[in-house]
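Here is the structure we will look at.
Each value in this text was obtained by applying a stated rule to the coordinates, not by laboratory testing. The model shown is predicted, which means the values in this text are computed figures rather than measured ones. Positions of Cβ are backbone-derived with ideal geometry, glycine not excepted, and every protein chain shown enters the neighbour counts.
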Amino acid sequence: MTTRDPIGIFDSGVGGLTVMRAVADLLPHENLIYLGDTARVPYGNRGPETVRRYSLNAANLLQERGIKALVIACNTATAFGIDALRDAFEIPIVGVVEPVSHAAVKTSKSGHIGVVGTRGTVRSEVYVRSMGTLGNVRVTQQACPLFVPLAEEGWTEGDVVESIAKSYLAAFSDSDVDTLILGCTHYPILASALGEVMNDVVGSDVTLLDSATATAAALDEILRTKGLENPDKTSTGTRTFLATDEPEQFSRMAGRFFGSELDEVQHVDLPGTTSAS
Ligand code: DGL
């Protein structure tokens, strides 16, 4: 392994590109490989064993490509898979839950923090455990499974998203929640609509936090601590995109999450995904 080796980032689909964007912005010289398991998305409604197996498959493929560190850019995969992955691999592994948990506990004045995520993430209670070790905070969770297809369809504002958001976020009605973790990779692109509805249902200003920036900062710290930073700072690192379903479909959706067009997406198979090219 060398410090010039790439960093692997994986998600169930395109949502983790919000994390990839933050990593690329903070660490422009690092070489990055992103894997979206689009053939098996969504992970959010699946059981723990399945998500763990899928996560191991994804990490194995990236390990074979010689990565020096791994980012699990998926809340559900972090919730169910991070312990198994840390047991299986020796490279540093950063998930999306711990970094934003620290940020939320620091941000909240009322000590009451809301979490929205997939059914799997909410069921795992990973955020409740993570923040429980950091301070005396109360956590209220709400699963919002319809936000993922809305984000993928690009329905990020308007009546439909507002009405669905009102219905889910009613869980926080008239509470003293002052900080809301967007505990799913897809939700940041709905942030503007969710922020408005959240302020409305709570009746005061709520700070929305997403995992991307905090995760990139945590990765930066680990690379520094372990002496793994790429010494070559003269050029922008390579960005490689892999998907387990059709690359064209991945590219079409990716721009919304990554913030710019992707050069090229390559198709790969994982055990259990069928060839799409
Ligand atoms: N990436 C998933 C997460 O952050 C959302 C999409 C899915 O359900 O796979 O939990």
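Points to keep in mind about this one:
- With 0.36 nm allotted per residue and the present C-alpha distance subtracted, the Ala191-Asn60 stretch has 43.9 nm of extension available.
- Label-point separation in nm, Arg224 to Arg86, each point 7 Å along Cα→Cβ: 2.1 nm
- Using the Cβ of Cys74 as centre and a radius below 11 Å, the other residues enclosed give a net charge of -2, where K and R count +1 and D and E count -1.
- Between the stretch 192-211 and the stretch 5-22, the Cα center-to-center distance that results, in Å: 25 Å
- Here is how the number arises for the chain: DSSP H runs of 4 or more residues each give -39500 (n - 2.57), the sum is divided by the residue count, and the result at 222 nm is -13500 deg cm²/dmol.
- As a rough guide to protection, the peptides 109-118, 16-25 ranked by mean Cβ packing within 10 Å, highest first, stand as 16-25, 109-118.
- Residues Cys74, Cys144 arranged by fewest to most Cβ contacts within 10 Å: Cys144, Cys74
- Global form of the stretch 137-277, assessed from the alpha-carbon gyration tensor, a/c cut-off 1.5: oblate
- A protection proxy built from the mean count of other Cβ atoms within 10 Å ranks the segments 222-229, 147-154, most packed first, as 147-154, 222-229.
- Nearest-0.05 FRET efficiency for Leu26 and Asp200, computed from C-beta distance (R0 51 Å): 0.95
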